[in-house]
Amino acid sequence: MSEHVDILDQLTASDYEYKYGFESQIEEEVVPPGLNEETIRLISEKKGEPEWMLQWRLQAFRYWQTMKEPHWANVRYTPIDYQAISYYAAPKRKTQPRSLDEVDPELRRTFEKLGIPLHEQEVLAGVAVDAVLDSVSVATTFREKLQSLGIIFCSMSEAIREYPDLVRKYLGSVVPPNDNFFAALNSAVFSDGSFCYVPPGVRCPIELSTYFRINARNTGQFERTLIIADEGAYVSYLEGCTAPMRDENQLHAAVVELVALAGAEIKYSTVQNWYPGDREGRGGIYNFVTKRGICLGESSKISWTQVETGSAITWKYPSVILKGDNSVGEFYSVAVTNHRQQADTGTKMTHIGRNTRSRIVSKGISAGYSQNSYRGLVRVNPSADGARNFSQCDSLLIGDKCGAHTFPYIEVHNPTAIVEHEATTSKIGEDILFYCNQRGIDTETAVALIINGYAREVLSKLPMEFAVEAQKLLAISLEGSVG
Amino acid sequence: MAEPILRIRNLHARVGETEILRGVNLDVYPGQLHAIMGPNGSGKSTLAAVLAGREDYEVTEGEVLFDGKNLLEMDPEERAREGLFLAFQYPVEIPGVSTATFLKTALNELRKHRGQEPLDAMEFMNLMRERAALVKIDPTFFSRSVNEGFSGGEKKRNEIFQLAMLEPRLAILDETDSGLDIDALKIVADGVNALRSPARAFLVITHYQRLLNYIVPDVVHVLYRGRIIKTGPKELALELEAKGYEWVTETDEVAL
Ligand SMILES: Nc1ncnc2c1ncn2[C@@H]1O[C@H](COP(=O)(O)OP(=O)(O)OP(=O)(O)O)[C@@H](O)[C@H]1O
Ligand SMILES: [Mg+2]
């Protein structure tokens, strides 16, 4: 019992969660479902937050109460009962599998296919192997090195306590609490997340990474991430997800904010592989995320790269506000949907500064009975002289029961702007597969070959190790989609 | 004589309710080149597709032995790995997959099947260069997506290039000559001749005697309404050219 309290304290009072990375090490103690001001006060208190943070959350909650869940995305799902969700989970020790032999074979098969090293498999599967804990979190391993460069990389909870000035200045500056329904919800109840600050002129020497996992059932997950690259700084951040099998729908509404000051560059890469539900679409995760970056300073650059294979429903538009003159925004995306998955994803590029440039490369792959939509907005404000955008939106269909949709919105309010949009649709049909078979290539390999070729331009933007993993992930998520 | 590479006995196949192959018999021996001719819609491509294992066709009767093994039991990729190659009448385009990647994957699958090590990048490149020269394929094609944006003739030449790379035991060429200009026809024919060997057999489907001037067949068959109704020496092709199919089909009608 005292052990439980101990750990609870550690989590709420420090960056425990981040040091040890994985919540699956611990069984979660869940606060009763429901959302009201009391819940928010409880969260804030458990986390030992200062008063200003509590007020910020409460303000967001009040916004949220006045807002309606958006339904314009091209996705369908049974309504979410926000009062049935539990908004805070505290950890306690649970009986862990003692070795990988006790782990769900399906999960292990996936790990093996991904080529995840054995010790990492153990961590991911929650095996009680203390010796490997540190290897999980790059944050821990490289923390000292980062500190010597003045780079701050810690959990959001820690940042709120240790770096309140930075947090107060930038939190909500890109995605205001009243931005949208899910952002307001996140602002009110966010559990934790990552915080990163890179000081002027510093090039972060390693790829910062973190793995997010969703654990206890029925626990909405509300991650909050804030990354700031000061003048002339550079940082590359990786976000990767794997999730174990679940039978109940889980809401995930994260907010990610990026701020690039003059001459700074932020690269944000995601491989998203949350549980998509079974073949009938039961039990997958709802992923309603708000990701946005602002190129605040001149000649700054923000680049989003995402490989989306998971979740039952994805609703996600990593965006860039191009405020600084000569700033650059990029969006590279591969979104795979199979079985009954639905994805509505894309980006928003808002050109404000002069000579701002944006590039959008979106590759949708749909199989099974899935629906895959690209939704993108390119807006050029009157101030954005010489703005340029190039968009390439390709759809690949596997089989004939799935759907691909493209909704490009273009709003140009400056006559000097040049906006280009290209779109293609191709299909992997029986003919192509038979042709490959006839050359000795089996169907699974053929599909992998084709989609890797198709997604190459996006995969090449990922950091090396990630690219390899992503490539395998694409093939795995499309397994059984043909033949 | 040696055992046949391909032995077809009383092969019947249909699509839906329509019977397209209605009792095909054929023996092809190592080193031989057989030409199959016949009017449009007689079932030539169907025969090729059934041999390659296309699922659209249901085999209702008969037997096919490939090097003594039951061909009809094998998956299409197994047939390919066992050494059956089909040069398609209409080669498909594979977006995003370079010719080099495609062929490397295919060749290494074949090698794996034969218990050989995969070729390394250098060996593979050298092999590609050497075989491409055979059908005068420009090395710039290696990095282009398979058949994507290729002209009709280039696609056909690419089929023969793949044949040269994969070195099958039995190569079936479905109208590889149609759509080729005279120079390309000569190139393809030279390529095929260079690839003839005592251990390999060819089944060449064509409408034109012209090709057979360059690629001299050992045997010529006429396929008509799903059956081989006439078999003869290379001169048969000349005779067909002169007299048309009616000449054989009429006698067939009588014989039936
Ligand atoms: N998948 C299919 N569905 C329906 N009918 C088919 C199918 N494939 C072939 N057929 C029919 O079977 C018959 C034989 O077709 P096949 O393509 O084998 O002829 P072919 O001898 O190759 O003709 P060509 O000289 O024009 O290439 C034709 O009547 C054709 O319409
Ligand atoms: Mg034909």
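None of the figures in this text is laboratory data; all of them are computed from the coordinates on show. Fair warning: this is a prediction, and the values are worked out from it, not measured in the lab. So basically every Cβ, Gly included, is an ideal-geometry build from the backbone, and we count neighbours across all protein chains shown.
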Q.
Tell me the mean residue ellipticity at 222 nm calculated for chain B from its helices only (DSSP H runs of n ≥ 4, each -39500 (n - 2.57), averaged over every residue, nearest 500).
A. -11500 deg cm²/dmol
(Q) As I understand it, the value is the acute angle between the Cα axis of helix B:246-255 and the longest principal axis of the Cα atoms of chain B; what does it come to in degrees, rounded to 10? (A) 50
Q) A:Ile418 versus A:Tyr163, label points 7 Å from Cα toward the beta carbon: distance in nm? A) 3.9
Q: For region B:93-188, build the charge dipole from Cβ charges (+1 Lys, Arg; -1 Asp, Glu) around the Cα centre, then report which of B:Leu180, B:Ala164, B:Phe150 sits farthest towards its positive end.
A: B:Ala164
Q: Return the average number of partner chain Cβ atoms within 10 angstrom of each residue Cβ along peptide B:209-221.
A: 0
Q | Antiparallel content of DSSP bridges confined to chain B, in %, to 5 | A | 60
Q.
Quick one: 3J(HN,Hα) in Hz for region A:170-179, Karplus 6.51/-1.76/1.60 with θ = phi - 60°, rounded, Gly and Pro as x.
A. 10, 4, x, 6, 9, 10, x, x, 9, 4
Q. What is the set of long-range amide H partners of B:Glu82 at a cut-off below 5 Å, with H atoms built 1.01 Å from backbone N?
A. none
Q | Whichever lysines have a C-alpha closer than 21 Å to that of A:Lys47, once near sequence neighbours (fewer than 8 apart) are set aside | A | A:Lys19, A:Lys92, A:Lys169
Q: Run the dipole for chain B about the Cα centre, Lys and Arg Cβ at +1, Asp and Glu Cβ at -1, nothing else charged, and hand back the magnitude in debye, nearest 20.
A: 480
Q: Calculate how many DSSP beta bridges within region A:297-407 are antiparallel, expressed in % of all such bridges and rounded to the nearest 5.
A: 0
Q: Pop out the ³J(HN,Hα) list for region A:369-376 in order, Karplus 6.51 cos²θ - 1.76 cosθ + 1.60 with θ = phi - 60°, rounded to Hz; leave Gly and Pro as x.
A: 10, 7, 10, 10, 10, 9, 10, x
Q. Mind checking which of B:Glu123, B:Glu148, B:Glu109 has the largest fluctuation in a GNM of chain B, springs on alpha carbons under 10 Å?
A. B:Glu123
Q: Bin width 10 Å, alpha-carbon pairs only: give the P(r) of chain B as whole percents, running from 0 to the bin holding the largest distance.
A: 7, 30, 36, 21, 5, 1, 0
Q: Over region A:346-414, calculate the relative contact order: mean separation of alpha carbon pairs under 8 Å at least 6 apart, over the residue count, as a percent.
A: 42
Q | Too-long pairs where the Cα-Cα distance tops 20 Å, listed order kept, from A:Lys68/A:Lys316; A:Lys267/A:Lys301; B:Lys44/B:Lys69 | A | B:Lys44/B:Lys69
Q | Antiparallel DSSP beta bridges within region A:326-483, as percent of all bridges there, nearest 5 | A | 0
Q | Number of partner chain Cβ atoms within 10 Å, mean per residue of B:74-82 | A | 5
Q. After finding the eigenvalues of the alpha carbon gyration tensor for region B:175-243, what semi-axes result from the square roots of 5 times each, listed largest first in whole Å?
A. 20, 15, 11
Q | region A:220-362 - Debye-derived log10 I(q)/I(0), Cα point model, q = 0.10, 0.14 Å⁻¹ | A | -0.35, -0.63
Q.
For chain B, take the longest principal axis of its alpha carbons; what is the angle in degrees between that and the long axis of helix B:121-134, to the nearest 10 within 0 to 90?
A. 40
Q | Label-point separation, B:Arg210 to B:His113 (7 Å along Cα→Cβ), nm | A | 3.4
Q | Number of partner chain Cβ atoms within 10 Å, mean per residue of B:95-108 | A | 5
**Q.** Listed residue (B:Gly68, B:Thr46, B:Pro95) projecting farthest to the positive dipole end of region B:34-104, Cβ model
**A.** B:Pro95
Q: Could you please report the charge total around A:His421, scoring K, R as +1 and D, E as -1 over all other residues with beta-carbon less than 14 angstrom from its beta-carbon?
A: 0
Q | C-alpha center-to-center spacing [region A:164-194, region A:49-71] in angstrom | A | 9
Q: Would you mind putting A:376-388, A:39-51, A:352-364 in packing order, based on average other-beta-carbon counts within 10 Å, highest first?
A: A:352-364, A:376-388, A:39-51
Q: Place the peptides B:62-70, A:288-296, A:153-161 in order of packing, highest mean first, counting for every residue the other Cβ atoms within 10 Å and averaging per peptide.
A: A:288-296, A:153-161, B:62-70
Q.
Relative contact order for region B:34-90: what percent, with Cα pairs under 8 Å and sequence separation of 6 or more?
A. 32
